[in-house]
Each structure stands twice: as C-alpha cells, then as structure tokens.
1. So for segment B:46-59 (the condition being among the β-branched types (Val, Ile, Thr) and within 16 Å of ligand 1 (Cβ to nearest atom)), does at least one residue qualify?
2. Farther than 30 Å from A:Leu179 by Cβ, in a helix (DSSP H, G or I) and away from ligand 2 (no atom under 16 Å from the Cβ): which single residue out of A:Gly281, A:Gly292 fits that description?
3. Can you spot a residue in segment B:169-176 that is within 11 Å of chain A (Cβ to nearest Cβ), of a type in the set (Asp, Glu) and assigned to a helix (DSSP H, G or I)?
4. Out of A:Val100, A:Val110, which single residue is farther than 15 Å from B:Leu70 by Cα, open to solvent by less than 10 Å² (accessible area, probe 1.4 Å) and touching a residue at least 12 places away in the same chain (Cβ under 8 Å)?
5. Quick one: B:Gly97 ticks every box in (1) within 11 Å of chain A (Cβ to nearest Cβ); (2) open to solvent by 10 Å² or more (accessible area, probe 1.4 Å); (3) more than 16 Å from ligand 1 (Cβ to nearest atom) except a single one, so which number is it?
6. What pairs come up if the first residue lies in segment B:227-243 and is at pLDDT 85 or above, the second is open to solvent by 70 Å² or more (accessible area, probe 1.4 Å), and their beta carbons are under 6 Å apart, counting only those six or more places apart or on different chains?
7. Exactly one of these conditions fails for A:Thr201: (1) of a type in the set (Val, Ile, Thr); (2) buried (at least 17 other Cβ atoms within 10 Å of the Cβ); (3) more than 15 Å from the chain's Cα centre (by Cα). Give me its number.
8. Could you grab me the full set of residues in segment B:25-41 that are open to solvent by less than 70 Å² (accessible area, probe 1.4 Å) and assigned to a strand (DSSP E or B)?
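The values are calculated or read from the model by the stated rules, or taken from the named source; none is laboratory data. Please read all numbers here as calculations on a predicted model, not as lab measurements. As a convention, Cβ positions derive from the backbone with ideal geometry for all residues, glycine included, and neighbour counts pool all protein chains shown. When the accessible area is computed, the model is the full protein with side chains, heavy atoms only, and any ligands, DNA or RNA have been set aside. Shrake-Rupley method; radii C 1.70, N 1.55, O 1.52, S 1.80 Å.
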Amino acid sequence: MPDSAGELDKATARQSGNWATGTGRVARHSVGLALFVSELSVLYRRRRTWAMLAALAAVPILIAVAVRVTNSTRQSGRGPQFLDQITQNGLFVAVTALVVSIPLFLPLTVGVVAGDTIAGEASHGTLRYLLVAPAGRVRLLIVKYVGAAAFCVCATLVVVVTGVGIGLALFPVGPVTLLSGDTIGFSESIVRLLLITAFVTVSLLGLSAIGLFISTLTDVPVGAMAATIVLSVVSQVLGALPQLDWLHPWLFSHYWLSFADLLRQPIAWESFGANALLQLGYIAVFGALAYGRFLTRDVLS
Amino acid sequence: MSAEPPGPWPGDVTRSAGDLAIETRGLTKRFGHQAAVDQIDLAVPRGSVFGFLGPNGSGKTTTIRMLLGLASASSGQIRVLGSEMPSEFHDVLPRVGALVEGPAFYPFLSGAANLHRLDTADRQAPSATRDARVAESLERVGLAHAAGKRVGAYSLGMKQRLGIANAILRPRELLMLDEPTNGLDPQGTREVRSLIRSLSGDGTTVFVSSHLLAEIEQICTHAAVMSTGRLVAQGTIDQLRSRGETRVRVRTPDLPSARVVLGSLGLSVDEVARERGEQIRSGEDEFVTAAVGVLDVRAEDIVAALVAGGVRVRGFVVDEGSLEDQFVALTGEGFDVAG
Ligand SMILES: Nc1ncnc2c1ncn2[C@@H]1O[C@H](COP(=O)(O)OP(=O)(O)OP(=O)(O)O)[C@@H](O)[C@H]1O
Ligand SMILES: [Mg+2]
C-alpha cells in the first residue's frame, strides 16, 4: 500500500486510466490459450518437474555408461530387450531406455503430474481463485488434462533424445537391424524412433486421464499421485497373470511394450491402432468421470 | 430488524431488486446434519460497503463460497449483480473480485507471476494490459518492491496484500473480501480501510466479512450479523446502532424521588437487578438507570426535571448503545464456538 493517501489516489487514478483503455464490458473471449501457456509455465517452473525429467534422462545415461564401461561384447541374452544391440548401434540406447522406463519410471512421473492436476491446486488453495477468476470448471479440466498430456510427450522425448545423444557419443552408429531382420539407414531409424516416442506417449494418455479423475476426488495431491502410480503397477501385475487372459486387452498397460512392433519391416500398425483406441476409451471414460465429479463438487479447500 | 425479508430497503421505498449487488433467498448450506448457513435472506445494496459480521464458525465463509459458486447451496436462490448464481457465473464472476478464506498462491512463483497466472484464468481479461495491470495492482497494495520475490518467502501480511491485489486486478463492480485485514499490521489495516474507501468511492460495492467489529464500523454503510448460520440482523449501520437503547444513569442519595421523576417523564425505570441496570450502592449514593426508549427527551431536560423534583443529582451519564453491544447481544456472550 502506498505510504500516503496522496500516493494512493495517484495510483488509483493511474489504474483507472489503464482500466478504462484496457477493458470494457464488451468482452473479447480468448480461446483459453493463455491459461494453457500459464499452466505449462507453472509446471516447468517447479523444481520437482525438472528433477523428474533429470531422473528420466539418467536412465539412458546409466545404461549407456554401464554397457560402455563393462565393454561387454557378450551376447548374454539377459537384461532388457535390445540391450545386446547397443554396442553395435548407439541408437538402441534410446530404445533400451524406453523398455526400462515404461514399467515404472514413466508411469511414476506421469502419475505425479496427473495426480497433482486438480488436487495440487486444491491443496494450494489456488483452485478457488482459478474458479472465481473464472476459469470455468470444464475449461480448467481440459487445460489440466492437455497440460498433463504435454508432459507425457516431454517425458518420453527426454528419454529418447538423451538416449540418442549418449548413444551417438559412446557407440558407433550404423544401419539398424530390425526385428524382422531387415536393415534400415540412419534417417529411417530416427523416423522409427519418433514413431516409438509417439507410441509411448499415447500409451501414457489413459493413465493421465485416470490420474486426472483421481485428482478430482481429493484435496491431497500425494494421495492422488500414489493412487495413480499404484494403479499403473496393479494393471501391469494383472497383465502378467495368465489366468486373467480375458482381461488383458482391456488393461491400459496392455500395449505398453508393444512399440517393438514399430521395429519391423513393414511396420506392424495393428498394435499402434489398437493401443490408440484403448487409450481413447480410457480418456473418454475417466474424462467423463472427472467431469461429472468436478462439475458438481464443492470447492471447500 | 431481525433477518428481514429481502425487498424494499427500510426507509427507501424506491429501491428495487435491480439495485441489489447481492440478493439471496432462503440460502441454506448443510454439512451433514449441521446447517452451516440456515435460510438467510441477504440484501446488499449496490454502492454500499457492506459489513458481514459474525463470530467464528457462524457461516460467513460458507456463504461467500456459495455466492461465488464454489460451493453449491443445499437450497435457496442467489443473485449476484443481477444474475443468477451459479448458473450465470460466466457473466458474473469477471465483474467480481474476491478474497475467500485468506489468500492462496503458488509458493514457488513470485508475487507478480502468481497474479499473472490467475489473470490468465479469466478469459475476459485482456492479455495486452496484463503486465501493466499486475504491476499497478501490486503497487496499489504496496508490494511493488516484493513483486519478484517468491510468495513462499512472503510474510502473512504480504500474502494478504497480494490476495487483495488479485481481487483488484481488473475494475470490479463488486468485491467480496473475507477477513481482508487478517494478519495485517495496524498500518496495513488502516491502508486496507483506505483502499476500501477509495474503491467504494469509484462506485465498487464492497462486501467485507469480519469478526472484528471495530474494523467494520468505521468504513461500512451497511452491515449484517450472522450467528450460528442464521442472519440475525441486517440494515444500515445507523439502523443497527439505533437498535441499542439509549439509557440514562443517575447517581443520587434520593433514590425514590428520582424514580418517580424519571417515571413521570415517561422513561422506563429499571427495576432492581435488571440485566443491564442494577442498582448499586456507592457510599451514601445509589444509582438508578432508565431506558429513554423511543422518547425524544433531551438529556438536559431530564436533569432539569430531576433537580426541579428535589433530587440531588451527583452524577448523570447518557449511554448510547454501541454497535459492539449490539453485536454481542445478537451473537451471544459465550466464547465457545458453536459446533
Ligand atoms: N468442509 C466443511 N465440512 C463440514 N463442515 C464445515 C465445512 N466448512 C465449514 N464447516 C462448518 O460450517 C460452519 C461455518 O463455517 P465458516 O467457515 O463458514 O465460518 P466463518 O463464519 O467463516 O468463521 P471464521 O470467522 O472462523 O472464518 C462451521 O460450523 C464449520 O464447522
Ligand atoms: Mg471464515
């Protein structure tokens, strides 16, 4: 507050002047892009986000360094898929890192971001101010989901890009031998890597929708994060039980490791399509649940 | 004037519903069995500075949440700035600035970044003037120097100021401020009062809740009093204050004749040990108190009559009921919060 009444009046006058030119009751509605940009900037101004991305980047680096240091030319057949190919072709660092990250690290970071969407705002108390602004409940939900989806892209890209970088630095890069036995050149392999990135990102969208829904249920973000992450583990455990064969195609984690199909010649698109459809189903169901819950909910935090 | 129904304001028959910034009918909020807000009919005239009083837990914040569409009403209707809430929030909320249950911000962002963020949430807020509006709002609450500091490192009072800055990011027709002076130093409290005065001078209706009566009394034109979820009084400050009875208190050794004289003037003389007017012995003298009531008797006339009646007047006090007395009388003396 200005120290004297005079200053206050000056400030008032200046402000009114600005207001007079800046606004009017003739409202120009923006699409809401500003809120989305702001959502991303809040996400990426958190140290937590960068810590998670750094942890993801550490996965390919650890793999590459471990393989390089032990200098194992042994084709043991143990360890994650594609591990043996790294010494011949550095690009496989990225692929191996994805195989390692998908069961836990990626769902973990996505669970943190998706679980935080609404519950995090509620726990800060900022949810009530966003709604009073008014952000609009539906609009806020959409912006929050798209923000979480953007993080899925980013998280996957971090693993792939770091993998390619460290792979190029530590290992030779040549033609890539596909699972089908065919060989493709460098640029074609980069295209395949981008396709794999897209596949993995899409795989995580269902989980994000689940996280968004859980986040609307509580004011405790840690609870929503933990529940989302636990669900991703449960889904994978169920997927590993042969007794539950009938259930497997419905689990959101069912296609998580199927991106290897993109390393065949010709590309086996079926799993890509089936995965996209499955994830869309999850988005529709849990998006609707989140909508139903959030639209009627009392914001008392 | 207890919980009068909405409609024409007492003493102003020309006022119509269109002149009300906030109007509720039978507004109720139940949490389980408990009615946190119970059938309240608020009527906040446009242009007023409206004090919303009540002790802790009386339902002030819950009411404000419903007015802003944060919580749904269990029953009853709400009109804010002439539009139905919460269904027409798109039209209403951009014209309302609010501070609800204390300020809340992202601790890892600076004060300016926080305001920026909340401003983007309002689709009608022009992005072109955003930076300027944020800067001026911060200046207006005295935070210009702390604009770049993380809110996590703000003091309670600084956060409170930032909360107010957020409420005035845009020109508003209505401000709803829930305990705006909470945590402020005396200087800050005074500045908030002068800010409210200046905003009100610009034509903004200010609806301000508080349990600190002294703060409200100075700036409010109107007030309502809540007690355990019910609206027990509402009206202009003068109307509320005049609910208190003016009483006179005479110190005299001639008690019986004093009672006769006061009675003959039409004053209602208190019997022994009435709640607010006991007779107390003090040396040789005794006191007698009497309510002036609605009579238009001047104090000097009372004294003149007493003296003429042979009463030795050794002390004479006129006690105008204070708003504080009213507040306590309406909401109860007890310290315990009603569950
Ligand atoms: N989320 C909730 N769940 C259950 N009861 C609640 C909830 N929020 C408030 N209440 C109850 O509603 C009543 C009114 O609370 P409210 O916060 O509106 O009081 P207030 O007048 O703002 O008090 P204060 O001056 O302390 O801020 C209280 O009895 C409180 O216990
Ligand atoms: Mg309160």
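1. no
2. From the options A:Gly281, A:Gly292, the qualifying one is A:Gly292.
3. no
4. Values: A:Val100 fails: open to solvent by less than 10 Å² (accessible area, probe 1.4 Å).
Matching residue, one of A:Val100, A:Val110: A:Val110.
5. Failing condition for B:Gly97: (2).
6. B:Val232/B:Ser2; B:Ala233/B:Ser2
7. (3)
8. Answer for segment B:25-41, where residues must be open to solvent by less than 70 Å² (accessible area, probe 1.4 Å) and assigned to a strand (DSSP E or B): B:Gly26, B:Leu27, B:Thr28, B:Lys29, B:Ala35, B:Ala36, B:Val37, B:Asp38, B:Ile40.
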